[in-house]
Amino acid sequence: MGIGSFIKKQFIDVLQWNEETEGVLSWRYPMQDFEIQNGGVLIVRESQIAVFVNEGQIADVFGPGTHKLTTQTLPLLTNLKNWDKLFDSPFKSDVYFFSTRVQTGRKWGTPQPITIRDKDFDMIRVRAFGMYSYRVTDPRKFFTELSGTRSTYTRDDVEDQLRGILLASMANSLGASQIAFLDMAANQALMAQEVKGGLADAFARYGIGLDEFNVASVSLPEELQAALDERISAGMKGGMSDAKMAGFTKYQVAQSIPLAAGNEGGLAGMGAGLGAGLTVGQVMGQAMGQALNPGAAPAPAPAPAAAAPAAPAAPAQESIEDRLGKLKALLDKGLISPADYDATKAELLKKLIG
């Protein structure tokens with residue numbers, strides 16, 4: 001190799017980064033044995049920032065434009081290297097280029113549910129997914145906190161870091177927001193707004209600006225969703241008051257009626273058997289009959305005792321033991337309350353003993 005080729009290889013007149021590879025956020029100019037020519041040109045394109053680093057210490061930072069490299073345009077590097085103002089020889093320095101373009105359409109999600117406090121359901125585990133976009137806003141912080149002296153640093157590298165920050169910030173934001181899960185699911189924009197503020201502050205500590213953040217879906221794990229679906233089906237939200245408990249009991253009765261009606265001597269038989277002497281049985285039988293046939297007229301109340309002798313009729317219909325068995329079946333199916341069961345059982349036993 002001739003002297004001319006050696007000298008040509010050693011000196012750099014123009015420093016620039018063409019960004020041939022997609023997704024690179026930081027790129028170190030390959031200096032090797034090269035030296036930068038004093039008076040050389042630094043070209044920084046739009047959406048780029050160039051940083052001169054001397055022995056790991058950040059010196060001068062250049063934004064978009066064409067810059068002639070002299071002791072006047074490199075004041076911090078001149079000070080670090082103890083150059084005098086007449087210095088005109090080539091010099092060595094690490095040069096890093098940073099891409100400040102917005103990295104759009106980046107997906108985020110919670111691989112494991114996040115446990116948060118909820119004002120309706122106490123403690124719940126939430127899963128969420130969405131999209132976000134970001135860009136490098138402070139190359140000094142980005143270099144110091146993340147990229148360091150690596151030759152290249154990609155968005156895949158940084159997103160491994162951001163994912164942990166995102167999930168931690170999300171848990172803190174949702175836990176402090178006091179937004180009920182039902183409100184989160186109904187208004188995902190509200191959820192995104194609550195998370196974005198804390199997330200932006202967390203990203204800023206690493207020299208990254210959060211451009212957009214949205215929530216595409218928010219859900220519960222399958223077992224919790226099944227429990228919530230049951231409560232929603234019953235028309236309930238939150239804790240059960242007495243009125244809501246009564247509503248839930250009616251809901252259970254309505255759900256059980258089709259099964260009981262399919263059994264031989266089912267609800268109608270029970271209502272007739274108990275209706276002869278039980279006020280609760282009369283009410284239950286009429287309610288069930290109307291539920292089975294909404295268009296039918298209410299069943300007539302049983303005749304008074306004076307109109308038809310009760311003593312001979314009871315054995316002809318069924319024994320008290322049979323009626324006790326059917327009463328227990330009603331309790332097991334949730335069609336009557338324990339209190340109604342105990343009261344009616346005592347009444348039947350009294351007749352049986354008497």
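The values are calculated or read from the model by the stated rules, or taken from the named source; none is laboratory data. These numbers were taken from a predicted model, which means no experiment stands behind them. Please note that ligands, DNA and RNA were not included when accessible areas were found on the heavy atoms of the full protein model with its side chains. Shrake-Rupley method; radii C 1.70, N 1.55, O 1.52, S 1.80 Å.
Observations on the model:
- Our estimate of slack between Thr73 and Thr152, defined as 0.36 nm per intervening residue step minus the Cα-Cα distance, is 25.9 nm.
- Cross-link partners for Lys326 among the aspartates and glutamates, with Cα-Cα distance under 14 Å and sequence neighbours closer than 8 places in the same chain left out: Glu264, Glu318, Asp340, Asp342.
- Total lysine pairs under 26 Å (Cα atoms) in the stretch 24-107, excluding pairs fewer than 8 apart on one chain: 4
- Solvent-accessible surface (1.4 angstrom probe) belonging to Tyr132, in square angstrom, nearest 10: 10 Å²
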